[in-house]
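Following: one structure in structure tokens, then a few remarks.
The values are calculated or read from the model by the stated rules, or taken from the named source; none is laboratory data. The shown structure was predicted, so the numbers you read here are calculated from the model rather than taken from an experiment. Don't worry about glycine lacking a Cβ; one is built from the backbone with ideal geometry, like all the others, and counts go over all protein chains shown.
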Amino acid sequence: MLSNKSQIIARPILIIIMVSIIVSVLHSANSFVTVEGITYDWRMKQTRENLEINNDIAVILIDDASLQAMDNYAGRWPWPRFVYADLLEFLAYAEPKGVLFDITFTEKHKINREKGETINPDDLELVQATANYPFAYHSIRFVLDKLQSDESGKAQLNKPLPKHFESRYSIEDRTSEKHPKSTVVSGLTAPNNNFYYLPFSELLEQSNGIGVVEVQTDSDSVLRRARLFHSYLGKHYASLSTTALLDNSPVTNINRKDNKLNFDNLKIPIDSNEKMLVNYYGKYKEFSFSGIISSLQDIHDGNLDNLLIDPAELHGKYIFIGGSAAGLNDLKNTPMDANLPGVFIHASILSNILDNDFLTPANNQFTYALIFLFALLTTISVLFVKNLVIQNGLPILTGVTFAWFAYYQFEHNIVIDIVSPLSSLGLAWMLSFTAMVLMEGREKRKFKRMMGQYLSPAVLSILVDNQEDFAKAEIGSKENITMLFSDIRSFTNMSEKLSAEKVVELLNYYFSSMTDSIFAHEGTIDKFIGDAIMAFWGAPIKTADHADKATLSALDMIARLEEVNVWIKAKGLDPIKVGIGIHTGDAILGNIGSVNKLDYTIIGDNVNLASRIEGLTKQYGVPLLITEDTFQQLQTDIPCLIVDMVRVKGKKIPIKILLPLSYSANPSESDKQKVKQRVENSDKAFQYYLDQQWHNAITILNELPDEPVHQILRERCENYQKTPPEKDWDGVFTMTSK
């Protein structure tokens, strides 16, 4: 079984290890992807919504306004292909670096065979325009189809691409004036696609270049990542976002190394699936398709002064063509907008490359380190810091600071996982507090069992609720307390005459009554010693009036003794008498004993003195004596008359002892005055005694009740009248026995 110290060390270590393993496994299993995606999207929107795309990029949108404005010009959607030929004619004035269609022209329009047509005239206009304007790039799609199950469907998969397609468009094989030699491609491991959608054959034959437009969302249907290259039958093809760039800035070497995709010297961060995080923008240079066509008509009409769109605005740019109208089904769910035109994705990727504006995910090892660090910090703060504000505040402050840091890093294009580290922090906080509550509950139960034998239920409840304030009792502390010793007179002789059963019955009844009195005055019972009781006040709950409570409890015990004696007489036994001694002073308080047996007790010289005072009650024939130290701390009006100045056995310093008196039930002012008068007369007699004025002392003592305490002092005065004391007599009576 582990010791307390070992448990204190083992418990946080176990929590830290458990939290680190659990959260790390969940992180590895992508369990936090959805929530992490929400935080990622929020950061993206907050940090990028006011940023503009690279000035060399423009987007022409087929928007709702264009669909309406073009109705008389091109008819209902889908438009005839001559419209796009007209678009290329207009853009030729702008001398663009590339016009990239995010539109797949996969099928021909109908032809009139009676007229001998082999291709629709509208389609032919687009083909001829594409041939005339070498800046035109068209789109293809590669698909990884896993759903085909029948033989005819499977036969369509992994079909070779058309003849000369690879040599014209694959990154590895293409050669042209812009690419005098093929580009070296290495390290790419993205899975091969097995199906394709190409532009109709005549258009494909005349295309200057092609770009793959296939994009895939994350598991939560948000588009955050995209591939720059797509593979088919072992060859790689550029995405629409990069194809024109590679023509204008030929790259000789494309390779993947670890988590980087290298374009010669340009390093692009990618994930294990060779996808880059698309760093979106909040503002794009947008032009309406209908505005382009309207401007082209003005040019044809010679109206050059009032062009809606001047070709100069598009000079030398990469121009993407795509749809934003809702009916075109090309709106994508992205971090910036749940209905972002898909063409903006390609434009954003190209802008990222041109500006070297890439999002770099933090190393996965960094996330695991944060998971462990947050588990460590939170567990230590909860289990080892006793301040509740710090226990809760430090983890909260850590979490808030980390969230701000992650946001700050995102502003600087560093993407840090937030959810996994914060989950580690939260789980560690919950487990630590659970462990602390269980531990405190067990400690409180242990503490309650230990202290329940000493304290009243009311005091015990206060003590348990504030256990930490009294924790020093576990290791010992010096406390100023009031101690009480009580003993039954001549009990040994009485017990010899009784059977064991009668002795136990009598003691149990007596102790129950005395215990009730002590507990009623918030005292702590130290122990029962035979027929004696040892109790104290002022600890473990500290009170300023512990001397009052002890004295009042003693007076109550004497009063209760009458009821006890009534019960004893009913049993046919002789009544009992008690002696009670009380002293106030410093004592050592703590759990004292062996490993197997501990007692919550007090020790020290003052404890012994309190015991001696109890013994003096026999000699003075009184039931109760308190010391001057106790008397001086009384805050309640308890009348006490001086009994003597004594030097108990084993002590050199004398101490004054006093007899507390109690008023009768519901005393009148006259009754109180009589008691006070007795105290004053007794104290005056004792002062005459100290001043060696024996006659005056005897005179007063004769007027006081004929009680043993007065008889003893009177006998001394009479003896000293006959035989005066020595010159160095100080009035102190030295005890020769306990």
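What to note about this one:
- Top-ranked residue in the range 307-345 [being part of a loop (DSSP other than H, G, I, E, B) and hydroxyl-bearing (Ser, Thr, Tyr); ranked as nearest to Tyr137 (Cα to Cα)]: Ser324
- Residue, surrounded by the most Cβ atoms within 10 Å (Cβ to Cβ), within the range 543-584, restricted to residues that are under 54 Å from the mean Cα position of the chain (by Cα) and assigned to a loop (DSSP other than H, G, I, E, B): Asp545
- Yes/no for Thr47 being under 30 Å from Trp404 (Cβ atoms) and either in the same structural domain as Leu328 (by TED's automatic domain parsing) or outside any loop (DSSP other than H, G, I, E, B) (or both): yes
- Matching residues in the range 197-218 - criterion: being over 20 Å from Gly322 (Cα atoms) and not small (Gly, Ala, Ser): Glu202, Glu205, Gln206, Asp218
- Test: Leu147 is modelled with pLDDT of 80 or more and in the same structural domain as Asp247 (by TED's automatic domain parsing): no
- Comparison of Leu233, Leu246 shows that the only residue that is more than 47 Å from the chain's Cα centre (by Cα), of a type outside the set (Val, Ile, Thr) and on the phi < 0 side of the Ramachandran plot is Leu246.
- All of Leu438, Leu370 fail the test of being at pLDDT 95 or above and part of a helix (DSSP H, G or I), apart from Leu370.
- Selection within the range 622-663 - farther than 17 Å from Thr584 by Cβ and in contact with an Asp or Glu (Cβ under 7 Å, 6 or more places away or on another chain): Leu641, Tyr663
- Just one of the listed residues (Met514, Met483) is in the same structural domain as Glu563 (by TED's automatic domain parsing) and assigned to a helix (DSSP H, G or I), namely Met514.
- Check on Ile38, without any contact (Cβ under 8 Å) to a residue 12 or more places away in the chain, over 25 Å from Ala244 (Cα atoms) and surrounded by fewer than 19 Cβ atoms within 10 Å (Cβ to Cβ): yes
- Looking across Thr106, Thr130, one residue alone is in the same structural domain as Ile210 (by TED's automatic domain parsing), within 23 Å of Ser294 (Cβ to Cβ) and β-branched (Val, Ile, Thr). It is Thr130.
- Test: Asn387 is polar (S, T, N, Q), modelled with pLDDT of 85 or more and not assigned by TED's automatic domain parsing to the domain that holds Ser517: no
- Those helices (runs of 4 or more DSSP H) of the range 51-156 in which 2 or more residues are surrounded by 19 or more Cβ atoms within 10 Å (Cβ to Cβ) and under 58 Å from the mean Cα position of the chain (by Cα) occupy 64-69.
- Residue within the range 606-623 that is in a strand (DSSP E or B), touching a strand residue (DSSP E or B) at 6+ places or on another chain (Cβ under 6 Å) and either modelled with pLDDT of 90 or more or among the charged types (D, E, K, R) (or both) present: no
- Going through (1) crowded, with 20+ Cβ neighbours inside 10 Å; (2) in contact with a Ser or Thr (Cβ under 6 Å, 6 or more places away or on another chain) one by one, Ser348 falls short only on (2).
- Residue in the range 527-542 that is assigned by TED's automatic domain parsing to the domain that holds Ile582, surrounded by 21 or more Cβ atoms within 10 Å (Cβ to Cβ), in a helix (DSSP H, G or I) and not hydrophobic (A, V, I, L, M, F, W, C) present: no
- Residues of the range 657-673 that are of a type outside the set (Val, Ile, Thr) and surrounded by 15 or more Cβ atoms within 10 Å (Cβ to Cβ): Leu658, Leu659, Pro660, Leu661, Ser662, Tyr663.
- Only one entry of Gln721, Gln687, Gln692 meets the criterion of being surrounded by 12 or more Cβ atoms within 10 Å (Cβ to Cβ), without any contact (Cβ under 8 Å) to a residue 60 or more places away in the chain and in a loop (DSSP other than H, G, I, E, B), and that entry is Gln692.
- Being hydroxyl-bearing (Ser, Thr, Tyr), surrounded by 21 or more Cβ atoms within 10 Å (Cβ to Cβ) and assigned by TED's automatic domain parsing to the domain that holds Ser348 is a property that does not hold for Tyr197.
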